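Below you'll find the structure, written out as structure tokens, and then a few comments.
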Amino acid sequence: MAQKPARTTGVSRPRRVAPGKRLTRAFFARDVLVVAPELIGATFLVDGVGGVIVEVEAYHHTDPAAHSFRGPTPRNQVMFGPPGFAYVYRSYGIHWCVNFVCEPEGSASAVLIRAIEPTLGIDEMKRRRGLEDVRMLCSGPGKLTEAMGITIAHNGLALDAAPIELYARPADVEVATGTRIGITKAVDLPWRFGLKGSRFVSKPFPPSSRGA
């Protein structure tokens, strides 16, 4: 007698493999100049869309280029709160920028995410940006927020809870350093960090940039 085919109970769907260890709020409760370079190589996702962080800038509360330098306002209030939360603001009235709040509550220091290498949800990023060139999807702070669907609605959200996911880099990487971009104060501070040799950064680092 012929065997009956095995009964199927549902459709098997591939499971997304987590990129690594989740970063918690405790990771951000440290010196912003320690956190910033350690974010290079970490994976940043919003609703499952995103990729590997390849460029950031650090802003300390004593830094005249920081939004928090002159004290709290309705716009920057999140910076003065506890670490491990997203600070999102509109830049030049055109695009959103996303920052990660660092240091103990009241310090008002943060890391601006400048560029990522897209790895997940690339088709969705292309649709949102109206582009096909993967290298250009997230090569700037306004570009990556548009590609990842980040808006003011994400301001004040925890970095270790849905819809945001952050995963530690799986291994040490070479980190380039340089001066920050698009500011008029404290322009000489070497507080821009990037993945050495990455073609996904917003602007190349000078050849003399040291690796870390």
Yes or no: Leu144 outside any helix (DSSP H, G or I) and either over 23 Å from Ile94 (Cβ atoms) or hydrophobic (A, V, I, L, M, F, W, C) (or both)? no
Discussion item. Whether any residue in region 94-102 is in contact (Cβ under 8 Å) with a residue 12 or more places away in the chain, out of contact with any Cys (no Cβ under 9 Å at 6 or more places or on another chain), assigned to a loop (DSSP other than H, G, I, E, B) and not aliphatic (A, V, I, L, M) is what I want to check.
Written reply: no
Log entry, pairs with first residue in region 51-76 being in contact (Cβ under 8 Å) with a residue 12 or more places away in the chain and more than 29 Å from Gly121 (Cβ to Cβ), second being part of a loop (DSSP other than H, G, I, E, B) and of a type in the set (Asp, Glu), beta carbons closer than 9 Å, six or more apart or on different chains, reads His60/Asp31; His60/Glu103; His61/Glu103
Taking region 20-70 and keeping only residues that are farther than 19 Å from Cys97 by Cβ, assigned to a helix (DSSP H, G or I) and among the aliphatic types (A, V, I, L, M), one is left with Ala26, Leu33, Val34
Checked region 160-190 for anything touching a helix residue (DSSP H, G or I) at 6+ places or on another chain (Cβ under 7 Å) and either outside any strand (DSSP E or B) or of a type in the set (Lys, Arg) (or both); matches are Asp160
Do we have any residue at all in region 160-177 that's of a type in the set (A, V, I, L, M), more than 17 Å from Ala58 (Cα to Cα), loosely packed, with under 15 Cβ neighbours inside 10 Å and at pLDDT below 95? yes
Considering region 144-153, residues that are surrounded by fewer than 21 Cβ atoms within 10 Å (Cβ to Cβ) and within 13 Å of the chain's Cα centre (by Cα), and then whichever is nearest to Arg114 (Cα to Cα), we arrive at Glu146
Among residues of region 47-65 being surrounded by fewer than 23 Cβ atoms within 10 Å (Cβ to Cβ) and among the hydrophobic types (A, V, I, L, M, F, W, C), the residue nearest to Ile152 (Cα to Cα) is Val49
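The values are calculated or read from the model by the stated rules, or taken from the named source; none is laboratory data. Since the structure is predicted, the reported quantities are computational estimates derived from the model, not experimental observations. In this analysis, Cβ positions are derived from the backbone assuming ideal geometry, glycine residues included, and neighbour counts consider all displayed protein chains.
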